[in-house]
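Q: I'd like to ask some things about the structure below.
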Amino acid sequence: MNKKSWIMVIFLIAGLTVVSLIKNETRSVQKEIKELRLIVYEMNKKLHEAKLDYEVLSSPENISFLAKEYLDKEIKSYSLSQIEEPKSTPQPDNKNLISKDPEVTPEVTPEKPKIEKDKKIKRWLVWQVAKVFLGVPVGPIK
């Protein structure tokens, strides 16, 4: 056989191999799509059932029935003037909670200044941008 025939045979075998690989990959993708559609269908069915349950449970007829069944018969209504504002409770002083004694741990630790947090965030963002330009994965690898 001459050189052209060998090249044609090689291309034919390579083409058949590539077509077979693509066909197998397509089958696996279609199988995965079918499984995902089934999962979506089941989730939509559960969502629909949950919506129906909510509609039934929150219907005025059901609430009236439950109120008659379980609540006191003598429900009193209040006017807006009879309702008092809640009294505010005093906030604890953080200075008294921090002790210089190493054996006593403070109940509340003071937060880091916002400036330090902003610097850390900016530094992290700069590193992420540098990683993008270098082609390194940006986020943590799972």
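Here, each number is a calculation from the coordinates, and none is a lab measurement. Keep in mind that this is a model prediction, so the values were computed, not measured. So basically every Cβ, Gly included, is an ideal-geometry build from the backbone, and we count neighbours across all protein chains shown.
Q: Answer with one residue from S28, N62, S5: the one whose Cα lies farthest towards the positive end of the charge dipole of the range 1-72, charges on Cβ with Lys, Arg +1 and Asp, Glu -1.
A: Towards the positive end, the residue furthest out is S5.
Q: Once both labels are modelled 7 Å past Cα along the beta-carbon direction, what's the I39-N62 spacing in nm?
A: Output for this residue pair reads 3.0 nm.
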